[in-house]
Amino acid sequence: MATITFPDTPSALKALLEERGLRPRKHLGQNFLVDQNLLRVIVEKAAVGDRDIILEVGSGTGLLTKHLAERARRVLAVEIDPRLYSLTMELLQGYTNVHFLNKDVLKTKTTIDPEIEAVIIHWLKEEECRGIRLRRTRAPTIKVVSNLPYSISTPFIIAILTGRLPVECMVLTLQRDIVDRLLARPGTKEYGVLSVIAQLFSDVELLRQLPPEVFWPVPQVESAIVRMTVRRERALEWIPDLSLFNRLVRCIFQSRRKTLINSLLKLGLPSLSKEAAMDVLKGLGLEPRIRGEALDPEGFTALLKEIHLLTGSSTTKRQGGKDVRS
């Protein structure tokens with residue numbers, strides 16, 4: 001098979017896809033970031049180095065994958081579209097540090113596919129053993145660097161932040177409305193489940209706004225690059241029960257116009273009567289008629305601790321500093 005030239009310009013990419021009879025699929029969010037300078041910026045902002053294990057979701061035509069492979073120790077490129085998966089394997093066949101998977105990164109709406117987790121953990125253990133043999137002082141790190149498809153952005157971010165993979169940071173290209181939700185303040189229309197979890201489990205930075213013209217096909221919306229430095233251990237010090245926390249946050253925002261007292265009663269916890277719920281709110285100095293959307297992320301953790309003490313809930317066990325779901 002003849003070697004094909006890597007399509008590093010919009011015109012070259014378009015010509016290659018037309019030659020192969022391929023068209024970007026709108027329902028999969030296939031708008032490819034084609035600006036080479038911005039691709040380099042993303043890799044630099046993630047500080048990708050030769051000890052890093054990179055998870056890239058939605059690798060598409062491999063434009064970002066190539067830059068990652070040139071800097072990282074290993075790259076796991078996940079692509080759900082079998083057409084692009086095959087094309088990118090062909091384009092990047094010379095990069096032995098890239099492993100390709102053709103699948104959905106999410107097993108469920110809240111969990112990462114176990115095969116993806118297994119590959120990354122296996123690599124991490126291999127690199128740790130290699131580091132010991134070579135007497136290296138810096139441990140290998142896991143990073144997520146992706147131009148995320150819109151349809152999975154929210155569940156993927158939450159699954160990574162609250163999941164088991166020890167990810168150090170994420171540098172993501174996202175649609176601007178997702179970024180607004182990541183950074184939203186209490187009481188605003190953008191503030192919701194994603195805001196609370198992202199701000200508790202990470203430090204979120206807006207790095208750069210992107211106009212539609214840097215993508216092909218050109219989308220109808222603006223995008224931005226964000227960096228999320230993961231602080232899972234810090235968050236879990238404040239969250240005694242991760243399962244109950246998820247229930248609490250989702251329950252409050254599913255009925256965001258309801259009063260906080262009514263949202264708490266919707267949890268359906270046997271020991272959380274209306275009187276008990278009123279006592280919890282009073283102890284926190286909160287008015288019963290306040291809306292849950294007015295709570296800041298730390299307010300949610302304070303509320304959770306009181307409910308956890310009251311109910312004696314133990315749906316999530318903590319072992320060795322990590323959460324182990326039963």
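Quick rundown of the values:
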{"item": "Residue in the range 23-35 that is surrounded by the fewest Cβ atoms within 10 Å (Cβ to Cβ), counting only those that are among the aliphatic types (A, V, I, L, M) and at pLDDT 95 or above", "result": "L33"}
{"item": "Helices (runs of 4 or more DSSP H) lying entirely in the range 1-77 (those with 1 or more residues that are assigned by TED's automatic domain parsing to the domain that holds L92, among the β-branched types (V, I, T) and in contact (Cβ under 8 Å) with a residue 40 or more places away in the chain)", "result": "36-45"}
{"item": "Residues located in the range 212-241, provided they are surrounded by fewer than 19 Cβ atoms within 10 Å (Cβ to Cβ), under 30 Å from T311 (Cα atoms) and at pLDDT 95 or above", "result": "R231"}
{"item": "Residue among V230, V280, V221 that alone is more than 22 Å from K189 (Cβ to Cβ) and assigned by TED's automatic domain parsing to the domain that holds S153", "result": "V230"}
{"item": "Matching residues in the range 247-279 - criterion: being within 23 Å of T110 (Cβ to Cβ), over 26 Å from the mean Cα position of the chain (by Cα) and assigned to a helix (DSSP H, G or I)", "result": "S263, L264"}
{"item": "Test: residue in the range 139-159 that is outside the structural domain of L244 (by TED's automatic domain parsing), farther than 22 Å from I225 by Cβ and modelled with pLDDT under 95", "result": "yes"}
{"item": "Count of residues meeting criterion [basic (K, R), touching a helix residue (DSSP H, G or I) at 6+ places or on another chain (Cβ under 8 Å) and over 21 Å from T141 (Cβ atoms)] in the range 71-129", "result": "3"}
{"item": "Residue that is nearest to V249 (Cα to Cα) [pool: residues in the range 197-233 that are part of a helix (DSSP H, G or I) and either among the acidic types (D, E) or free of Cβ contacts under 8 Å to residues at least 12 places away in the same chain (or both)]", "result": "E233"}
{"item": "Selected residue [of a type outside the set (F, W, Y), more than 20 Å from L295 (Cα to Cα) and not in a helix (DSSP H, G or I)] from S146, S153", "result": "S146"}
{"item": "The listed residue being under 29 Å from V230 (Cα atoms), under 18 Å from the mean Cα position of the chain (by Cα) and either among the aromatic types (F, W, Y) or modelled with pLDDT of 95 or more (or both), out of L55, L38", "result": "L55"}
{"item": "Search result, residues across the range 285-314 that are surrounded by 14 or more Cβ atoms within 10 Å (Cβ to Cβ), part of a loop (DSSP other than H, G, I, E, B) and not acidic (D, E)", "result": "L286, P288, I290, L295, S313"}
{"item": "Matching residues in the range 171-211 - criterion: being more than 23 Å from L64 (Cβ to Cβ) and of a type in the set (V, I, T)", "result": "T188, V193, V196, I197"}
{"item": "Complete set of residues in the range 236-245 that are free of Cβ contacts under 8 Å to residues at least 60 places away in the same chain and in contact with a helix residue (DSSP H, G or I) (Cβ under 9 Å, 6 or more places away or on another chain)", "result": "F245"}
{"item": "Criterion violated by K258 - all others in (1) assigned by TED's automatic domain parsing to the domain that holds T154; (2) of a type in the set (D, E, K, R); (3) modelled with pLDDT under 95 satisfied", "result": "(1)"}
{"item": "Number of the condition not met by L91 [criteria: (1) under 29 Å from P211 (Cβ atoms); (2) exposed (fewer than 15 other Cβ atoms within 10 Å of the Cβ)]", "result": "(2)"}
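The values are calculated or read from the model by the stated rules, or taken from the named source; none is laboratory data. Remember, predicted model here, so these are calculated numbers, not experimental data. Ideal geometry is used to build each Cβ from the backbone, glycine not excepted, and the neighbour counts take in all protein chains shown.
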